[in-house]
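The structure under discussion appears below in the form of structure tokens.
The values are calculated or read from the model by the stated rules, or taken from the named source; none is laboratory data. Keep in mind that what you see is a predicted model, and the values were worked out from it rather than measured. Using ideal geometry, Cβ is built from the backbone for each residue, glycine included, and neighbour counts are taken over all protein chains shown.
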Number of protein chains: 2
Amino acid sequence: MPDRHVLVLAGGRGERFWPWSRPERPKQLLPLAPGGRSLLAATLTRALRMVPAERILVLTARDLVASVARECPPGVRVMGEPVGRNTGPAIGAAAALFLAESPKASFAVMPADHAIEDEAAFVRDLERAFVAAEHDSVLLTLGAPPTGPETSFGYIRRGAALGERIHRVAAFTEKPARDVAARYLESGDYLWNCGIFVWRARVFLDALEASRPALAEALQPLAGIADAAAFEKRLQDVLPACESISVDYAVLEHAPNVLVIAAAFDWDDLGSWSAWARRQPPDPRGNVLFGRAVVVDCDRCVVVGEGGTAAALGLSDMVVVHANGATLTCRLDQSENVRRVSEAARAREASEASAREGTVKSAQDSVKHSVKDGSQAWR
Amino acid sequence: MPDRHVLVLAGGRGERFWPWSRPERPKQLLPLAPGGRSLLAATLTRALRMVPAERILVLTARDLVASVARECPPGVRVMGEPVGRNTGPAIGAAAALFLAESPKASFAVMPADHAIEDEAAFVRDLERAFVAAEHDSVLLTLGAPPTGPETSFGYIRRGAALGERIHRVAAFTEKPARDVAARYLESGDYLWNCGIFVWRARVFLDALEASRPALAEALQPLAGIADAAAFEKRLQDVLPACESISVDYAVLEHAPNVLVIAAAFDWDDLGSWSAWARRQPPDPRGNVLFGRAVVVDCDRCVVVGEGGTAAALGLSDMVVVHANGATLTCRLDQSENVRRVSEAARAREASEASAREGTVKSAQDSVKHSVKDGSQAWR
């Protein structure tokens, strides 16, 4: 038990919750969890049921360290990354730190911005994963049994059963088309990839060395540094030299020893306004209202007024968000595509700012720029 | 000519342009006219083609005097009303002032918040109305030939022809239902009531005395005061004692000597976002954009971003307005009903303000209150 850690990945930018989410206050810091708590705070509450605060490491973007730290109970370590390099390098770096602290160290990886309500079931499944990871040289993934033909999640196809709700992994798959997702659902062989993992640091780094030796090599300067301050300092040089790659691509799709536990808990990555709304209590006409929201003759709308009034008249199945001095409107079934309009809006703002500064910069450049910014974040 | 005046009625609150319009910056002050000018400024430009600035009197709400005056060229007189009492008392009071200045005074009444593009035709029709009013004891109204079965305007049924495009008035009618409006349109006997009038002060006050003696009596303390400052001071006591009534109800529906000129100019009262949008240049997909508006995959939408970004994704036939820290969304064909949601939003804001002040005030009370405020304005 003393060798267990939790790594919380809190570097995402949550573009799909624009304009509520902003680069300086991304999705994991918004009060999207029950009781008006941030998703990060809710994630930490779950982590604290597994390990003490001192065993929790939160990795986030360097410019978010202060606001992330405000959500953390005393003892939790928060470290800033100088650049986003996706989950592969981040998990590899954390594994190096935990290994330096103890050769038997194991850790769970938890994204900071997902929704899980059944904490007791979550703790039981994670406990089971830790035990499995501590006894065998395996990489444990958590997969949520699908409840619909979702096209916004990656899927895990399970292979041979090793016990109740625990299987070898046959394959990881990309976000599927609707008809493929429907087939996955029907087959019963697929689970949603929750992005939650448990393994020993040593086992993970061995797998990384085998499947992605260049990345393992790039992380080498971190080896053996057990002092957190020294580690964070070195991380500033190491991370920029790493390729940007997800842990799925870097390790899980290649390793032979990957298992999946079919989660007994509910799970959602809250990837859009509609995903969030599904978990909120609706009014009698099915509207989900937050903040200063005013609806007249509306059905099944999501209306959010933060720092101002959002008013909707006579609408159905719409998203209306007033926040941070901007407004987003789209159909509920389009809310996964908010990035398309947020990028255009931010490009517009950037080009207006450039115009004010007297520099000439095309909107096209600004779009590229903002897309690039987005790709630095973990997704 | 020296006895001609123009009275501009600029007391409206323009609730239907919420949240862009606010009590302190109502519709007539918004840049809704071509070239980004305010409707009031455009109205004054038309008035200046009829009379010199010194012969223009603008009546508005007392708290709007400063912002209205900023739109006025030097010489124009701006007076504040302590309470809104609709058009009847306002026109009666102005008639008293003009009469005190000259027994032969004639004046045109122009709402400050309407749209007219063909200024030359407007000037020709007004000139004709002035000449008629100066030669006969008649009350001239201007009526716009209807271009569609509009249900948001009052109509004038024309009677016997007295000349080209000039008729006796057979009747004034309320805003009709759609099928009635269609019948009006087909008959060719009806004109839209533009709220533009021309008459001699003496003739108007005689008609008021005949049809609404109590109101004429209430205005009596203003008689004979030719000094503007003294007049405005007295107005503060007189107006609150007057009933609130439109000039149509108070005079025009009862007087036997009312004529109508079928206008040769275009006219719209811009009573809604959709009415305004019809006069704006659309983008290639029919969207009307104003300010910081961002649309992706939208058709025939009205998107306004004032002091912030309004972004719409994948919408058709919608109104999206971000202004003054609030957002309005509705279908384009519902934009005449914005008052329903603006009242709810303002009630909500008022009850939050009350809650902050620690007083208990129900939202219902606030609604009543804001409705009452609205009815004080000229419509």
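Worth a mention:
- Test: residue in the stretch A:61-68 that is at pLDDT 95 or above and either among the aromatic types (Phe, Trp, Tyr) or under 23 Å from A:GLY308 (Cβ atoms) (or both): yes
- Condition broken by A:GLY11, with the remaining ones in (1) under 25 Å from A:PRO213 (Cβ atoms); (2) modelled with pLDDT of 95 or more satisfied: (2)
- Restricting the stretch A:347-358 to residues that are assigned to a helix (DSSP H, G or I), more than 9 Å from every other protein chain (Cβ to nearest Cβ) and not hydrophobic (A, V, I, L, M, F, W, C), the residue that is surrounded by the most Cβ atoms within 10 Å (Cβ to Cβ): A:SER351
- Only listed residue being under 17 Å from A:ARG292 (Cα atoms), out of contact with any Lys or Arg (no Cβ under 9 Å at 6 or more places or on another chain) and at pLDDT 90 or above, chosen from A:VAL320, A:VAL341: A:VAL320
- Put simply, of B:ARG124, B:ARG128, B:ARG55 the only residue that is more than 14 Å from chain A (Cβ to nearest Cβ), under 28 Å from B:ALA210 (Cα atoms) and out of contact with any helix residue (DSSP H, G or I) (no Cβ under 9 Å at 6 or more places or on another chain) is B:ARG128.
Let's see how each residue does on (1) charged (D, E, K, R); (2) in contact (Cβ under 8 Å) with a residue 60 or more places away in the chain; (3) under 21 Å from B:TRP199 (Cβ atoms); (4) not assigned by TED's automatic domain parsing to the domain that holds B:CYS194:
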| position | (1), (2), (3), (4) |
| --- | --- |
| B:ASP125 | yes, yes, yes, no |
| B:PHE130 | no, yes, yes, no |
| B:LEU139 | no, yes, yes, no |
| B:PRO146 | no, no, no, no |
| B:PRO149 | no, no, no, no |
| B:ALA161 | no, no, yes, no |
| B:GLU164 | yes, no, yes, no |
| B:ALA170 | no, no, yes, no |
| B:GLU174 | yes, no, no, no |
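- Residue count for the stretch A:207-232 satisfying the condition of being in contact (Cβ under 8 Å) with a residue 60 or more places away in the chain and part of a helix (DSSP H, G or I): 10.
- Single residue of the stretch A:317-346 satisfying the filter (basic (Lys, Arg) and within 17 Å of A:PRO23 (Cα to Cα)) that is nearest to the other protein chains (Cβ to nearest Cβ): A:ARG340
- Flag if B:ALA94 is farther than 19 Å from B:ALA201 by Cα and of a type in the set (Gly, Ala, Ser): no
- Applying the condition of being among the β-branched types (Val, Ile, Thr) and under 30 Å from A:PHE122 (Cα atoms) to the stretch A:195-234 and asking which residue is surrounded by the most Cβ atoms within 10 Å (Cβ to Cβ) yields A:VAL198.
- Residue match in the stretch A:289-297 (condition: facing another protein chain (nearest Cβ under 7 Å) and more than 22 Å from B:CYS301 (Cα to Cα)): yes
- The stretch B:233-261, residues that are out of contact with any helix residue (DSSP H, G or I) (no Cβ under 9 Å at 6 or more places or on another chain) and in contact (Cβ under 8 Å) with a residue 24 or more places away in the chain: B:PRO240, B:VAL260
- Where A:SER362 falls short, out of the listed (1) at pLDDT below 80; (2) crowded, with 17+ Cβ neighbours inside 10 Å: (2)
- Residue within the stretch B:235-255 that is buried (at least 22 other Cβ atoms within 10 Å of the Cβ), in a helix (DSSP H, G or I) and of a type in the set (Gly, Ala, Ser) present: yes
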